[in-house]
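**Q** Dropping the structure in here first, questions after.
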Amino acid sequence: MRSRDNARTGGEILVDQLSVQGVRDAFCVPGESYLAALDAFHGSNIKLTVCRHESAAAIMAETIGKITGRPGICFVTRGPGVSNASAGIHIARQDSSPMIVFVGQVGREMREREAFQELDYRAVFGSMAKWATEIDDPSRIPEIISRAFHTACNGRPGPVVIALPEDMLRERIAVPDAKIFEPVEIWPGQTDMSQLQKLLCAAKRPVALVGGSRWSQAACAAFMHFAGRFALPVATTFRRGHLFDALHPCYAGDFGIGPNPKLLARVKNADLVLLIGGRFGEMPSQSYTVFDIPEPQTKLVHVHPGAEELGRVYHPHLAINATPTAFCSALEGLQPPNEIAWRGESDTAHADYLAWGEKATPVPGAVNLGEIMIWLRDNLPPDSIVTQGAGNFSAWVHRFYRVRKFGGLVGATSGSMGYGLPAALAMQTLYPQRTVVCVSGDGDFLMTGQDFSTAVQYGLPVIVLVADNGLYGTIRMHQEREYPGRVIATDLRNPDFVAYALAFGGYGAVVEKTTDFPAAFAAARASGKPSIIHLKIDPEAITPSATLSAIREKALSGKR
Ligand SMILES: Cc1ncc(C[n+]2csc(CCOP(=O)(O)OP(=O)(O)O)c2C)c(N)n1
Ligand SMILES: [Mg+2]
């Protein structure tokens, strides 16, 4: 209800401002604390998706931020709502994804009495979010939203939390909108690039690792072109497989959890390692074991958009503060040496990668997740999207599935269970024409499984594979390694996932043996409905290369 005197409510100013910033989708669980903002979505061009749980709403927003590079938007209510959303806020932090979470807040006159559901958001999210604030005055909404977009996206992206006192959202004032923002590119200096040129000319065994955020399809294409010109072996870091085409002749594989031993050896033996875009966190450093801290034994080039990440753990030989987008275009100016000392290495690395995932490993039980991943890689269109949560099942995705396109694999580098389904819903919202498959575990799926109803409500025909081994398998594996035979709290009693899908109004099929999968997948697709394919996995098939009993036996023999 915009009035004739140009006065708008705080809620209207806020939603108009989101629209000016180019927001097309927002995700919420409603609350009485922000009714005036909800009301302002009437007549706006932003599609508001209502979810069943705030963790799903927050993950959907995070996924939008991760893939588009512009903040994903989520609205949740005060205390309990934002507490539920905090898993998504943490993911945005660890995964460096731009996101803005709007939270209802008690009226201004009640603050600090611990009124109903009141929280001090600045204190609670002070260390998890990139910025946590509260808007006291509706005339400052355009300014604060503009800053929130800049903060969420610039440098190393991350989550912003903004609290909205409910009376502030109802106040009516006249204020102009702020203009649309653009994330600031950070260009590498000429000196940086010429030093890199020299390092590459002197290298004998270089390898590149790509990760992090602030990539785009064009940046990935530019990097692949560079890798091709330099015959440079390139690996992707944990859950960033979508940054490099798996069938590019320079692709050396996934350098995540349990990488190909040949790739691990290659990185360890390299005399020059380039990490582009990612943090030198626990995963790319293989739990901080690959390089010495703080002075690595090999030459490291670290390219990162956040200056504070450069030298955080490792002292790089060359630190370049740049966004991957800008850095990759600057790579056009580098020339490969006349004689590439490592010529042939990218071919070997790629052959090692292909061989590592060529054939499924034999596993106990009638359903082999490796063969299913191979079927998907051979049969899904190249622009398909696979999303995943966290659990041992994901090892089969990384090893046997082949990601071809930017956005083709979406996962949480923070290892947050329950990620796959909301991420799939967000991707299907963004790309209605593309096939979206979510690969989840039985534990993983039920962390956000209630939002299967959101898929049904909005007609998002995602296909969810639930790898049901009746276990919190990852933890059981660690338990058997550390405390063999002393099983506790890792068994699961599961529902009938087909009945679950049907009860929600979706399609369901069970797969008892690998050869049932193609027909089940075809039927799911033909149904046009959100679907669940229930995969009955033998609990002994705990990794692609080890059984649960073998892990226990090994641990017991070590203790004897
Ligand atoms: C939100 C969250 N809670 C707990 C964990 C710890 N955790 C990691 S993997 C895992 C078990 C995953 O089980 P499931 O999804 O069934 O996959 P599986 O390992 O059995 O293949 C747990 C509990 C986590 N990573 N995230
Ligand atoms: Mg499981």
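Values in this text are rule-based calculations from the coordinates and carry no lab data. Because the structure is predicted, anything quoted here is derived from the model rather than measured. Heads up, the Cβs are rebuilt from the backbone with ideal geometry, glycines too, and the neighbour counts pull from every protein chain shown.
**Q** Could you check what % of the DSSP bridge pairs in the chain are antiparallel, to the nearest 5?
**A** Antiparallel bridges make up about 5 percent of those DSSP assigns within the chain.
**Q** How high is the FRET efficiency between residue 172 and residue 45 when r is their beta carbon distance and R₀ equals 35 Å, given to the nearest 0.05?
**A** The computed FRET efficiency comes out at 0.95.
**Q** Would you work out which of 90, 521, 298 lies farthest towards the positive end of the dipole of the chain, given +1 charges on the beta-carbon of Lys and Arg and -1 on that of Asp and Glu, about the Cα centre?
**A** Farthest towards the positive pole: 298.
**Q** Ignoring everything except DSSP H segments at least 4 long, calculate the 222 nm mean residue ellipticity for the chain; use -39,500 (n - 2.57) per segment, divide by total residues, nearest 500.
**A** -11000 deg cm²/dmol
**Q** Tell me which of 274, 235, 247 sits at the most positive position along the dipole axis of region 191-298, charges placed on C-beta atoms (Lys, Arg +1; Asp, Glu -1).
**A** Final value for the positive-end residue is 247.
**Q** Give me a comma-separated list of calculated 3J(HN,Hα) values for region 98-105, in order, Karplus coefficients 6.51, -1.76, 1.60 applied at θ = phi - 60°, integers in Hz, x for any Gly or Pro.
**A** x, 7, 10, 10, 9, 10, x, 9
**Q** Please say if region 420-560 is rounded, prolate or oblate, where rounded means a/c under 1.5 for a ≥ b ≥ c the square roots of the C-alpha gyration tensor eigenvalues, and otherwise the choice is prolate for a/b larger than b/c and oblate otherwise?
**A** prolate
**Q** Oh, and also: Positive end of the dipole of the chain, charges at C-beta (+1 Lys, Arg; -1 Asp, Glu), about the Cα centre: which of 415, 453, 384 has its Cα farthest in that direction?
**A** Among 415, 453, 384, the one farthest towards the positive end of the dipole of the chain is 384.
**Q** Given Cβ point charges of +1 (Lys, Arg) and -1 (Asp, Glu) and nothing else, what value in debye, to the nearest 20, does the dipole of region 87-146 about its Cα centre take?
**A** For this selection, approximately 180 debye.
**Q** Tell me, how many Å apart are the Cα centres for region 90-131 and for region 45-83?
**A** What the calculation gives is 14 Å, centre to centre.
**Q** Kindly identify region 222-374 as rounded, prolate or oblate by the Cα gyration tensor criterion: order the square roots of the eigenvalues as a ≥ b ≥ c, call it rounded if a/c is under 1.5, otherwise compare a/b with b/c, prolate if a/b is larger, else oblate.
**A** Here region 222-374 falls in the prolate category.
**Q** Sort 183-194, 539-550 for me by packing, meaning the mean count of neighbouring Cβ atoms within 10 Å per residue, highest on top.
**A** Packing proxy ranking, top to bottom: 539-550, 183-194.
**Q** To the nearest 20 debye, what is the magnitude of the charge dipole of region 166-242 about its Cα centre, counting +1 on the Cβ of each Lys and Arg and -1 on the Cβ of each Asp and Glu?
**A** 660 debye
**Q** Between region 153-216 and region 246-279, how many Å separate their Cα centres?
**A** Their Cα centres are 24 Å away from one another.
**Q** Looking at the square roots a ≥ b ≥ c of the eigenvalues of the Cα gyration tensor of the chain, which shape do they give, rounded for a/c under 1.5, prolate if a/b is larger than b/c, or oblate?
**A** Here the chain falls in the oblate category.
**Q** Then there is this: Quick one: which residues, 5+ away or cross-chain, put their amide H under 5 Å from the amide H of residue 25? H built at 1.01 Å from N.
**A** Long-range HN contacts for residue 25: 47.
**Q** Oh, and also: Rounded to the nearest 20 Debye, what is the dipole magnitude of the chain about its Cα centre when Lys and Arg each give +1 and Asp and Glu each give -1 at the C-beta?
**A** In total the dipole reaches around 1000 debye.
**Q** Also, quick follow-up: Which peptide among 83-90, 29-36 comes first, and what is the full order, when sorted by highest mean count of other Cβ atoms within 10 Å?
**A** Per-residue mean Cβ counts within 10 Å order the peptides as 83-90, 29-36.
**Q** Taking 0.36 nm per intervening residue step and subtracting the Cα-Cα distance, what contour gain separates residue 355 from residue 184 on full extension?
**A** Full extension of this stretch gives 57.5 nm more.
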